[in-house]
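Novice: The structure's right below; bear with me while I get my questions together.
The values are calculated or read from the model by the stated rules, or taken from the named source; none is laboratory data. Worth saying up front: this structure is predicted, and the values here are computed from it rather than measured. Positions of Cβ are generated from backbone atoms using ideal geometry, with glycine treated the same way; all protein chains shown enter the neighbour counts. Ligands, DNA and RNA are stripped out before the accessible areas are found, and what is left, the full protein with its side chains, is counted by its heavy atoms. Shrake-Rupley method; radii C 1.70, N 1.55, O 1.52, S 1.80 Å.
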Amino acid sequence: MSNLAGPDQPAPPGWRSHQHVQRFVTPASRDRVWAWLNDPATFTGTQIPPWRVEFLGGGFGEGVVTTHHGPGLHLPGVLGEIREGEHRDLQYLYGAYAISFRLLRPTRLWIGVADAPGGGTEVELRIDAHVHPRMLRLWAFSQRLFWRRFRSWTAKATA
């Protein structure tokens, strides 16, 4: 579904660029899944304090500034291209990090939807990051673990 080039930010010397891709099919219609993915409450209303998601200048629209923050997490970004019913691209700004700016720097969160063969909706997530080499295996494992839950969240929320 996606054909994006790598992250737009250069990696620090010696760091690795990592791309995590998660695909799954959920039984809900594409319109329903897209509406849920583009409702700010999906992200603002589900955070466990002290973590929080904020949108400045509206909900999901091109150019809207957003941040996801809390202990060990600072993900300021700007929503880039949004193709209604197809995909959206969140570009994280320089200074974004998970755990520490010296270890993990996410650069993009891309989410796309398409009609799945046989019914339902195919969802594709792509998370790009620059990762310090000593964190690469842990980062890759944690992304697989965390985003695997997104499938059940999507199915439950759009049922």
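Novice: Look at region 119-149 and say how many of its residues are surrounded by 17 or more Cβ atoms within 10 Å (Cβ to Cβ) and either touching a Gly at 6+ places or on another chain (Cβ under 7 Å) or not hydrophobic (A, V, I, L, M, F, W, C) (or both).
Specialist: 8
Novice: Also: Out of the residues in region 120-144 meeting the condition of being within 15 Å of the chain's Cα centre (by Cα) and among the polar types (S, T, N, Q), tell me which one is farthest from residue 29 (Cα to Cα).
Specialist: 142
Novice: While we're on this one: Tally up the residues in region 150-159 that are loosely packed, with under 15 Cβ neighbours inside 10 Å and either among the aliphatic types (A, V, I, L, M) or in contact with a Gly (Cβ under 8 Å, 6 or more places away or on another chain) (or both), please. So that I can check it myself, show each step before the final result.
Specialist: So in region 150-159, the residues loosely packed, with under 15 Cβ neighbours inside 10 Å come out as 152-153, 156, 159.
Applying the additional criterion that residues be either among the aliphatic types (A, V, I, L, M) or in contact with a Gly (Cβ under 8 Å, 6 or more places away or on another chain) (or both) yields 159.
The total comes to 1.
Novice: OK, next. Does region 66-80 hold any residues that are of a type in the set (Gly, Ala, Ser) and assigned to a strand (DSSP E or B), and which are they? Break it down stepwise before answering.
Specialist: To start, the set of residues in region 66-80 that are of a type in the set (Gly, Ala, Ser) comprises 70, 72, 77, 80.
Result: 70, 77, 80.
Novice: Given the structure, is residue 116 small (Gly, Ala, Ser), open to solvent by less than 100 Å² (accessible area, probe 1.4 Å) and within 16 Å of the chain's Cα centre (by Cα)?
Specialist: No; evaluated as a whole, the condition is false for this residue.
Novice: In region 55-88, how many residues are closer than 19 Å to residue 112 by Cβ and either of a type outside the set (Gly, Ala, Ser) or touching a strand residue (DSSP E or B) at 6+ places or on another chain (Cβ under 6 Å) (or both)? Can you show your working first?
Specialist: From region 55-88, those closer than 19 Å to residue 112 by Cβ are 59-62, 64, 66, 77-88; that's our starting set.
Still in the list and also either of a type outside the set (Gly, Ala, Ser) or touching a strand residue (DSSP E or B) at 6+ places or on another chain (Cβ under 6 Å) (or both): 60, 62, 64, 66, 77-84, 86-88.
Residues that pass the stated criteria total 15.
Novice: Looking at this structure, is residue 12 part of a loop (DSSP other than H, G, I, E, B), closer than 22 Å to residue 141 by Cα, open to solvent by less than 40 Å² (accessible area, probe 1.4 Å) and at pLDDT 90 or above? Give the derivation first.
Specialist: Working: part of a loop (DSSP other than H, G, I, E, B): yes; closer than 22 Å to residue 141 by Cα: yes; open to solvent by less than 40 Å² (accessible area, probe 1.4 Å): yes; at pLDDT 90 or above: yes.
Answer is yes for this residue.
Novice: If the Cβ limit is 6 Å and pairs must be 6+ apart or interchain, which residue in region 111-127 that is among the basic types (Lys, Arg) pairs with which residue that is part of a strand (DSSP E or B)?
Specialist: 126/21; 126/110
Novice: Which condition from (1) open to solvent by less than 60 Å² (accessible area, probe 1.4 Å); (2) at pLDDT 95 or above is the one that residue 99 breaks?
Specialist: It fails just one condition, (1).
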